[in-house]
Amino acid sequence: MIENMAVIREILNKNGVCYIENADMSLYSTMRTGGSAVLMIFPKNTAELYAVCKIIKNYCRDFYIIGSASNTLFKDGIIELPIISFKNGFKYIDFDVNNNYYTVKAGAGVLLSKMLNFSLKNNLEGLEFAYGIPGTVGGAVKMNAGSKESNIENIISSLDIITKYGEKFNFKKEQLKFSYRNLKITDFDEDNYFITGVEFLLKSSTKSNIAEKMDLFKSRKMTQPLGKRSLGCIFKNPEGHFAGKIIDDIGLKGSTKGGAAVSEKHANFIINKGNAKSSDILDLIKEISETALREKNIRLDTEIKII
Ligand SMILES: Cc1cc2nc3c(=O)[nH]c(=O)nc-3n(C[C@H](O)[C@H](O)[C@H](O)COP(=O)(O)OP(=O)(O)OC[C@H]3O[C@@H](n4cnc5c(N)ncnc54)[C@H](O)[C@@H]3O)c2cc1C
């Protein structure tokens, strides 16, 4: 809920911060569905983010942060939460060499694909698992993105954040509690904070070594409907199971609702066939969860964020 839009506009204009009112969220999520956000703000740097914090602290009860929204489904209709997007800023990549290791510092808005290209160009090992994962560095860290072989937690060395109160913190790896598609910070109560920068520790390697490691992840991606509009895996894999296999077993692979379909290529992906609404995707999610519980007694939790 946003209060006092006139004052918010004044603060944003005075600080030169870009924003859109009534933003069509289908243009931002990789699923290409979703309603209209009352306010979407695009801070480019720390100074602009401080202006955003002032607005949030005084005029908004809650907010939602996005990078590429490649793991976020926006519901249809009006979205009252202000959306803070890292799409247009925090794009730096700096690095430092120390023996065989490179400390690479990246802004939260850097695309994971850019990070991967950077590491390939500089013969740095560790990011191969990011092949084919869309999204930003900030989103990848918050989601602990990766695969069963490796996740972002394995290469991170520290994290810079700014809270909604405008306080800046740096957390070392030991303070970060990563789990399956999740990050918590030890002894830190806030969960909704802005990741502004991330420090990675990457190892010096050879092109052939990196290419060999990346081949595994490349071949894995061939099993996913990569050219289609999606959010990646919809459900988390329950302990000891694969969500895709469960969906296949309960006979819902290929099933459709409106313009959305469970992918024939990978049953844990729901794809937008072109004219899907978010409600179609939510209907499929509901059907899958209820059927898995009824027929297999397995609870499927969503990996994606629904806003
Ligand atoms: C085709 C496809 C394939 C995929 N394959 C994989 C895969 O193999 N492995 C995998 O793990 N994921 C995969 N994904 C999911 C997704 O790409 C990852 O979760 C990605 O890391 C999300 O990044 P994002 O910037 O898009 O995050 P968003 O969807 O924008 O946000 C995700 C979460 O991070 C938070 N967030 C984003 N930016 C910030 C920030 N700067 N500060 C604080 N919080 C922030 C959001 O609030 C939200 O909670 C895939 C998605 C697609 C579409």
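Derivation of every value follows stated rules applied to the coordinates shown; laboratory data play no part. For clarity, every value in this text was computed on a predicted model and none was experimentally measured. Methodologically, a virtual Cβ is constructed for each residue, glycine included, from the backbone with ideal geometry; neighbour enumeration extends over all protein chains shown.
Couplings for the range 180-186, taken from phi via the Karplus curve 6.51 cos²θ - 1.76 cosθ + 1.60 with θ = phi - 60°, read 4, 6, 7, 9, 10, 10, 4 Hz in order; Gly and Pro are left as x.
Take every Cα pair under 8 Å in the range 243-306 that's 6+ residues apart, average their separations, divide by the length, and report that relative contact order as a whole percent. For the range 243-306, the relative contact order is 27 percent.
Applying a DSSP loop filter and a limit of 15 other Cβ atoms within 10 Å to the GluC sites (Glu not before Pro) in the range 131-194 leaves Glu149, Glu167, Glu190. Electrostatic bookkeeping for Asn144 treats Lys and Arg as +1 and Asp and Glu as -1; over the other residues with beta carbon under 12 Å from its beta carbon, the sum is +3. Working ranking of peptides 43-54, 262-273 by packing, defined as the average number of other Cβ atoms within 10 Å per residue, highest first, is 262-273, 43-54. Spin-label model, Lys305/Glu264: points 7 Å from Cα along the beta carbon direction are separated by 3.4 nm.
Quick one: length gained pulling Tyr50 to Thr103 fully straight, 0.36 nm per residue minus the C-alpha distance?
Contour length minus the Cα-Cα distance gives 16.4 nm.
Around Lys228, under 11 Å between beta carbons, what's the net of Lys plus Arg minus Asp minus Glu among the other residues? Net local charge, Lys228 excluded: +3. Scoring 276-289, 125-138, 243-256 by mean Cβ neighbours within 10 Å over their residues and listing the highest first yields 125-138, 276-289, 243-256. Amide H contacts of Phe235 (H built 1.01 Å from N, in plane; Pro and chain starts excluded): Glu303 sit under 5 Å, all sequence-distant by 5 or more or on other chains. Take 191-204, 106-119 and order them by the average number of nearby Cβ atoms within 10 Å per residue, most first; the result is 106-119, 191-204.
Residue-wise HN-Hα couplings along the range 246-263, as the Karplus relation 6.51 cos²θ - 1.76 cosθ + 1.60 with θ = phi - 60° gives them from phi, are 4, 5, 5, 4, 8, x, 9, 4, x, 5, 10, 9, x, x, 10, 9, 6, 4 Hz; Gly and Pro carry x. Within the straight-line cut-off of under 13 Å between alpha carbons, the aspartates and glutamates reachable from Lys286 are Asp301, sequence neighbours fewer than 8 places apart in one chain being disregarded.
Quick one: Cα centre-to-centre distance for the range 10-68 and the range 171-188, in angstrom? Taking the Cα centre of each part, the range 10-68 and the range 171-188 sit 26 Å apart.
Overall size of the chain from C-alpha positions, given as principal axis extents largest first: 55, 53, 35 Å.
As a length-normalised measure over Cα pairs under 8 Å and 6 or more apart, the relative contact order of the chain settles at 17 percent.
Distances between placed amide hydrogens fall under 5 Å for Ser70 paired with Thr30, all partners being 5 or more residues away or on another chain.
Summing +1 for each Lys or Arg and -1 for each Asp or Glu, what net charge is found among the other residues whose Cβ lies under 15 Å from the Cβ of Met31? Computed value for this residue: +3. Given their separation in residues at 0.36 nm each and the Cα-Cα distance between them, Leu252 and Lys221 gain 9.0 nm when the chain is fully extended. Evaluated over the range 1-129, the count of Lys pairs having alpha-carbon atoms less than 16 Å apart is 10 (only pairs 8 or more residues apart or interchain). Residues whose amide H comes within less than 5 Å of that of Lys177, counting only those at least five positions distant or on another chain, are Lys184, Ile185, Thr186 (H built at 1.01 Å from N in the peptide plane). Here the contact order of the range 93-221, divided by its residue count and restricted to Cα pairs under 8 Å and six or more residues apart, works out to 33 percent. Using the Karplus relation 6.51 cos²θ - 1.76 cosθ + 1.60 with θ = phi - 60°, the per-residue 3J(HN,Hα) values for the range 290-302 come to 5, 5, 4, 5, 5, 8, 10, 6, 10, 8, 9, 9, 6 Hz, with x marking Gly and Pro.
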